[in-house]
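The values are calculated or read from the model by the stated rules, or taken from the named source; none is laboratory data. Predicted, not measured: the structure shown is a model, and the values here were computed from it. Here the Cβ is made from the backbone with ideal geometry for all residues, glycine too, and neighbour counts use every protein chain on show. Heads up: the accessible areas ignore ligands, DNA and RNA and are worked out on the full protein's heavy atoms, side chains in. Shrake-Rupley method; radii C 1.70, N 1.55, O 1.52, S 1.80 Å.
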Amino acid sequence: MKIPFVSFLPMEKELNNSLRDAFDRVFRRSWYIEGAEDEAFEKAFAEYCNVNYCVGAGNGLDALMLTLKALNVGAGDEVIVPSNTYIATALAVTYIGAAPVFVEPDIRTFNINPNLIEAAITEKTKAIIPVHLYGQACDMDPIVKIAKKNNLYIVEDCAQAHGATYKGKKIGSFGDAAGFSFYPGKNLGALGDAGAVVTNNKVLEEKIRALGNYGSDFKYHHIYKGNNSRLDELQAAFLAAKLPYLEKMNVERRRIAGMYTEGITNPKITVPYVIPDCVPVWHIYGIRCAQRDALEKHLNQKGIGTNKHYPIPIHLQECYKDLNIPKGALPIAEEISSTELSIPMYYGMTDKEIRYVIDAINEF
């Protein structure tokens, strides 16, 4: 049996008419930037996240970068980020001239460990970026408490967790603002690059919107040295067409994850741990195994697609060698990078396919 790591085909088949209607609508209007589709999606996504405002952006990295810039975080400042995340989180900090400061994760959840944050705070610290990795919410109560105590901003990185909740509250609504990615593989994905910022702060919303539009508050009037990072009409229309189906698809992902968690009994495998009062959306189902590479080879030989999130931690990437963080300095991130294996997780997987993956893992 052949099972890809991810497939869009079941979802695209179900949404075919809606997506084609969205394209036709935009094409007929001949209006491709900052129009009715963008406005409608921003309103709908803000409502979905239970926040007041949404600002479209070109991608998830830009969403984080524009937010930090709008909060006046910059050169000489430090921003706390998890040591285990995709590099975009750190790049957003680097792009505005600040320095990322890495804090280790809880190895059970892969998310930043709140108990280690305060030790990383200095007089230069301006913000914390909790990343809701793989679709599971961070433990936000202690993070919010630490931020308030130390007068720090919280910028949530929600790139992988559209619709996840913590204690009944949607992620993206805990901090000063939150950045989302709508890369095609996300739970809510565009048909190209796209992103957004959500916030309850009107002043911040207006500044982020201006910063993403060349720093302009109205045509040819520039109040900031801004960027060009806007959500185009076509991607907004596609996202608006898919948004009503997101909860249904997240429910299905939880069902698949439940089958994996119950069915994988191989003692060599560690399945994900879910913190109490958290409802994940399982963008990724990542297992851990000391013999990760051998397990991956075993699964691939059986036709099962896999991925690794992420095989080289940020502090050991060539582009961040200037931070002078040696190997061994962040052992938990390094442990995860050498043991994590992501197995197939996508809307439309059949029970037969799920059981095939489970059986192959248990055979290892």
| message | For segment 267-325, place one equal point scatterer on every Cα, skip the solvent, and apply the Debye formula. What is log10 of I(q)/I(0) at q = 0.16, 0.22, 0.28 Å⁻¹? | response | -0.75, -0.98, -1.14
| task | Enumerate the whole-percent occupancy of each 10 Å bin, from 0 to the last occupied one, for all C-alpha pair distances of the chain. | result | 5, 25, 32, 25, 11, 2, 0
| Ranking by accessible area, most exposed first, for 242, 13, 126 with a 1.4 Å probe | 13, 126, 242
| request: Determine, from the Cβ-Cβ distance of residue 223 and residue 167 and an R0 of 45 Å, the FRET efficiency 1/(1 + (r/R0)^6), rounded to the nearest 0.05. | output: 0.70
| Counting only residues 5 or more places away or on other chains, whose amide H sits under 5 Å from the amide H of residue 85 once H atoms are built in the peptide plane? | 314
| Per-residue accessible area for residue 34 at 1.4 Å probe radius, Å² rounded to 10? | 90 Å²
| field | Two-decimal Rg to Rh for segment 251-364 - Kirkwood Rh, Cα set | value | 1.02
| query | Given the rule -39500 (n - 2.57) for each run of at least 4 DSSP H residues, summed and divided by the residues of the chain, what is its mean residue ellipticity at 222 nm, to the nearest 500 deg cm²/dmol? | reply | -11000 deg cm²/dmol
| Given a Förster distance of 56 angstrom, what is the FRET efficiency for residue 297 paired with residue 75, based on the Cβ-Cβ distance and rounded to 0.05? | 0.75
| said: Can you give me the convex hull volume of the Cα atoms of segment 306-364, divided per residue and expressed in Å³? | reply: 101 Å³
| note | Counting only protein heavy atoms with a 1.4 Å probe and every protein chain in place, the carbon and sulfur fraction of the accessible surface of the chain in whole percent equals 52 percent
| task | Can you figure out the FRET efficiency of residue 30 with residue 266, using R₀ = 41 Å and their beta-carbon distance, to the nearest 0.05? | result | 0.15
| task | With an 8 Å cut-off on Cα pairs and a minimum separation of 6 or more residues, tell me the relative contact order of segment 246-364 in percent. | result | 37 percent
| request: Leaving ligands, DNA and RNA out of it, rank 123, 104 by accessible area with a 1.4 Å probe, largest first. | output: 123, 104
| Leaving out ligands, DNA and RNA but keeping every protein chain, what accessible area does residue 193 have, in Å² rounded to the nearest 10, with a 1.4 Å probe? | 100 Å²
| task | Determine which residues of segment 1-31 fall in the zone a paramagnetic label at residue 355 would reach in this model, i.e. backbone nitrogen under 15 Å from the point 7 Å along Cα→Cβ. | result | 1
| task | Report relative contact order for the chain in percent, whole number only (criteria: Cα-Cα under 8 Å, sequence separation at least 6). | result | 23 percent
| Kirkwood estimate for segment 1-140, i.e. one over the average of 1/r between Cα atoms, Å | 18.1 Å
| Choice from 92, 75, 177 with maximal GNM fluctuation in the chain (Cα, 10 Å cutoff) | 75
| For residue 151 and residue 115 in the same chain, what is the full-extension length gain: residue separation times 0.36 nm, less their Cα-Cα distance, in nm? | 11.2 nm
| Counting only residues 5 or more places away or on other chains, whose amide H sits under 5 Å from the amide H of residue 154 once H atoms are built in the peptide plane? | 128, 176, 177
| said: How would segment 1-75 be classified by its alpha-carbon gyration tensor: rounded, prolate or oblate, with rounded meaning a/c under 1.5 and the a/b versus b/c comparison settling the rest? | reply: oblate
| query | To the nearest 10 square angstrom, how much accessible area does residue 86 have with a 1.4 angstrom probe? | reply | 120 Å²
| said: Whole-Hz ³J(HN,Hα) for each residue in segment 149-165, computed from phi via Karplus 6.51 cos²θ - 1.76 cosθ + 1.60 with θ = phi - 60°, x for glycine and proline: what do you get? | reply: 4, 9, 6, 10, 6, 10, 10, 6, 9, 9, 4, 10, 9, 4, x, 5, 10
| query | Ranked from the most accessible area to the least, with a 1.4 Å probe and all protein chains present, what is the order of 31, 282? | reply | 31, 282
| message | Accessible area per residue for the chain in Å², computed with a 1.4 Å probe and the full protein assembly in place, what is it? | response | 44 Å²
| message | If I take every Cα pair under 8 Å that is 6 or more residues apart in segment 56-183, average their sequence separation and divide by the length, what percent do I get for the relative contact order? | response | 26 percent
